[in-house]
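This report refers to the structure that appears directly beneath it.
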Amino acid sequence: MRGPFLRSPQSTSHLMAQVVVALLPIATIAIWRHGAPAAVTLGGAVTAALAVEIAVRRAAPRDLSAVITGMLAALLLPADAPPWLGAAAGALAIGVGKHAFGGLGKNPFNPAALSRGLLMVLVPATLFAPAWAWDGVTMASPLARESGGTAPLLSAVWSGDVPGALGTSAPWAVLLGGLALVALRTIDGRVPLVYLATVTVGSIVLPGSDRIVAHAPWLVADPLLHLLAGGTLLTAFFLLTDPVTAPFAPLGRVAFAAIAGVVTIAARLYTPYPDAAALAVLVANAFTPAIDRWRST
Amino acid sequence: MSLRARLAQWIGVPTLVPARKRTADRAIERLSPSAWVSVPLAGAAPTVQVGDVVAAGALIARSQAGARWQRRVHSPYQGAVVSVDERAIVVEGAPLPAAAGSAQHTGAAGLAPSDIIVTVREAGVTGLGGAMFPTYAKLGTSVDTVLVNGCESEPYFTCDHRVLAEHGDEVRCGLALAKRAVNADHGAIVDREAYYPAGYERFLIRDELDRVLAPHALPRDVGVLVMNVQSARALCVAVCGETPMIERVITVAGDAVGRPGNYVVAIGTPVAHLLRVCEIDQARAATIITGGPMMGRALEAGAVVTAGTGGLLALTADEVAAREEVPCIRCGRCLEACPVGLPVAKIVERPGPEVLRCMECGACQYVCPSAIPLVERLRLAKRREVEWD
Ligand code: SF4
Ligand code: SF4
């Protein structure tokens, strides 16, 4: 037998365990802030994800990937979701997002983001209504207040004291967990860096559509709001960094993160769906094969 | 698993292969010799017969007159020839008390390049870095710079470092001789803390001289001759000490070794003897390796120390951190670890001609979190690529 005989101690299952540990504070704060419904959503999503994983593989889970996917799927859901929505998201994420494509390593779309996208199509529109229907019906999230409403307080956004998805309950915890993963080199730090930079630059230079200027003027030219609200940080550190659905080569990942950043900021400034970070992930995922062909090293 | 190893899994993030130079402070020692040596011939033809009595350092095999590479093999032991075949000659006996290492080196002054080359050829000096190419042939080239490679070729190895520390004058003399032989103006001993695989010729030349080798080019194409530290020393010992190459220094290391260290060992020494005298605990060892942990081989029955054997390692299960292969997560670590920048995960799926640039250093496989046996697949892909050409 020939070498190499040594292996790095950083195994795939360790990487996943590190991500779960980084997500735990976020989930804990979400439950603390939103109470039992959040616990039901998170618990339901993780349980359903694990159940589908076990059912499909007919074996105990090999790693924590189902737990990560379940947690992320739940964190993308509204805090006031009905009790069954978390379980539905977790099951969709693993069943459709992962195993329908052949399992770990083969799925082209981030399973959590895909489950959120599917739910938007499948469940009653009120759950994921646009920020303001053109008739004036509104959704309460800091990125999408009532038309004519006031700009959200940045301090409230930072501490998570605003309505929105579970994952926005603690932007500071998302940032800390994400930075820890970068420091541990669990995730590729270039991805969040480029994504957040693109969102920042886009929020400064893009003027926004007339409707946005009329209905939600605070969305224009406020980079900090765009960075902290609407799941931007969760997308940057936990969704785009999923290696399976990101391009393979470093430069490819940079392009990928930039695409996601452009889609995120464009959705916020030009469509009525400001909480579109998960959709931005799906769009960027769709570019991954092309990026990989463009740049393989 | 130790608490430290457990912590390292969480806190340390190894993207580089760890150096693990735990024997760096162990001075070179002589081990009690084996009763016999089985000297590999590498294609040279025996000049002795069973029953002959040979002196230590006596010629026992040489290449045919017309052979392209002239090899000379000398007996490390004083004693009786007990077996001869085309692969090895076995000599029973004992080494002289201190064979090499005490050469009166006089430097290169007054020697013609051709004298140096002939002496080196007759002394059977070969590269000691692993490829075992005859050194005289390298000295026949014309280059402007000679580098003596003091970056150990593999993790765990500290033998070259020790030779430099303890026999630096001989290494410098060898460098002077080599410079004279190839008529080079510049020369340097490269001895620095480096990453694996910085000791590869092409990286040494790039890092040290800023000269870049094309994928299939040789160092001499960019005017450089690279010698291993121990080859340079052997050159000095051959010219100044008039002693042929019959021994080398090896590192014996790993957590399953009772007496780790750096040892002078006669070429042809059976590894089984080293296992005994270095007190290697075969029950504790998960793997015993001749050579380094990245490019070495699992110990085979009857193995002996050759000129290219840099070490003998006995690693515990904790050290090798073996685990089950799981699916590729496309994390890109293999690409980022590869010193020649190959997109390894993709290449093993769909091999192309670029796979021939792989030097099988093993860095990609080391960092792969999914424990995929990448090097095995790369070797296979390389073989296919060559066959199809
Ligand atoms: S082969 Fe290993 S190191 Fe390379 S991308 Fe796949 S999992 Fe990562
Ligand atoms: S592909 Fe070859 S050269 Fe690159 S890291 Fe792997 S073994 Fe080394």
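Brief remarks follow.
- Scan of the range B:365-389 for residues that are open to solvent by less than 10 Å² (accessible area, probe 1.4 Å), part of a helix (DSSP H, G or I) and within 10 Å of chain A (Cβ to nearest Cβ), ordered by number: B:Tyr366, B:Val367, B:Leu374, B:Val375
The rows are residues; the columns are (1) over 28 Å from the mean Cα position of the chain (by Cα); (2) of a type outside the set (Phe, Trp, Tyr); (3) near ligand 1 (Cβ under 10 Å from one of its atoms).
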| residue | (1), (2), (3) |
| --- | --- |
| B:Pro327 | yes, yes, yes |
| B:Gly332 | yes, yes, yes |
| B:Cys338 | no, yes, yes |
| B:Pro343 | no, yes, yes |
| B:Glu354 | no, yes, no |
| B:Tyr366 | no, no, yes |
| B:Ala371 | no, yes, yes |
| B:Leu374 | no, yes, yes |
| B:Leu380 | no, yes, no |
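- Test result for A:Phe248, of a type outside the set (Val, Ile, Thr) and assigned to a helix (DSSP H, G or I): no
- Condition met for B:Gly310 (surrounded by 24 or more Cβ atoms within 10 Å (Cβ to Cβ) and either among the charged types (D, E, K, R) or more than 9 Å from chain A (Cβ to nearest Cβ) (or both)): yes
- Selection count where residues are away from chain B (no Cβ under 14 Å) and either among the β-branched types (Val, Ile, Thr) or not in a helix (DSSP H, G or I) (or both), scope the range A:4-55: 11
- Among the residues of the range B:179-236, those identified as assigned to a helix (DSSP H, G or I) and under 17 Å from the mean Cα position of the chain (by Cα) are B:Glu201, B:Arg202, B:Phe203, B:Leu204, B:Val229, B:Gln230, B:Ser231, B:Ala232, B:Arg233, B:Ala234, B:Leu235.
- Top-ranked residue of the range B:342-360 - restricted to ones that are near ligand 2 (Cβ under 8 Å from one of its atoms), open to solvent by 10 Å² or more (accessible area, probe 1.4 Å) and part of a loop (DSSP other than H, G, I, E, B), ranked as farthest from B:Met295 (Cα to Cα): B:Cys358
- Scanning the range B:249-278 for residues that are charged (D, E, K, R) and either under 16 Å from B:Arg22 (Cβ atoms) or touching a Cys at 6+ places or on another chain (Cβ under 8 Å) (or both) yields B:Asp255, B:Arg259.
- Scanning the range B:253-297 for residues that are touching a residue at least 12 places away in the same chain (Cβ under 8 Å), open to solvent by 20 Å² or more (accessible area, probe 1.4 Å) and within 16 Å of the chain's Cα centre (by Cα) yields B:Val264, B:Thr290, B:Met295.
- Residues in the range A:274-297 that are of a type in the set (A, V, I, L, M) and outside any helix (DSSP H, G or I): A:Ala276 alone.
- Selection status of B:Glu300, open to solvent by 40 Å² or more (accessible area, probe 1.4 Å) and free of Cβ contacts under 8 Å to residues at least 12 places away in the same chain: yes
- Among the residues of the range A:177-231, just one is in a helix (DSSP H, G or I) and touching a strand residue (DSSP E or B) at 6+ places or on another chain (Cβ under 8 Å), namely A:His215.
- Within the option set A:Thr264, A:Thr235, A:Thr245, being within 14 Å of chain B (Cβ to nearest Cβ) and surrounded by 24 or more Cβ atoms within 10 Å (Cβ to Cβ) holds for one residue only, A:Thr245.
- Single match in A:Gly35, A:Gly44, A:Gly70, A:Gly103 (criterion: open to solvent by less than 30 Å² (accessible area, probe 1.4 Å) and either hydroxyl-bearing (Ser, Thr, Tyr) or free of Cβ contacts under 8 Å to residues at least 24 places away in the same chain (or both)): A:Gly35
- Filter result for B:Thr287 (closer than 22 Å to B:Asp25 by Cβ and of a type in the set (S, T, N, Q)): no
- The single condition from (1) without any contact (Cβ under 8 Å) to a residue 60 or more places away in the chain; (2) more than 21 Å from A:Gly202 (Cα to Cα); (3) over 15 Å from the mean Cα position of the chain (by Cα) that A:Leu251 fails is (2).
- When the range B:322-331 is filtered for residues that are at the interface with another protein chain (Cβ under 7 Å from one of its Cβ atoms) and either surrounded by fewer than 20 Cβ atoms within 10 Å (Cβ to Cβ) or modelled with pLDDT under 90 (or both), the ones remaining, listed by number, are B:Ala322, B:Arg323, B:Val326, B:Pro327.
The values are calculated or read from the model by the stated rules, or taken from the named source; none is laboratory data. Predicted model, so just to flag it, every value in this text is computed and none were measured. As a convention, Cβ positions derive from the backbone with ideal geometry for all residues, glycine included, and neighbour counts pool all protein chains shown. For accessibility, only protein heavy atoms count, side chains too; no ligands or nucleic acids. Shrake-Rupley method; radii C 1.70, N 1.55, O 1.52, S 1.80 Å.
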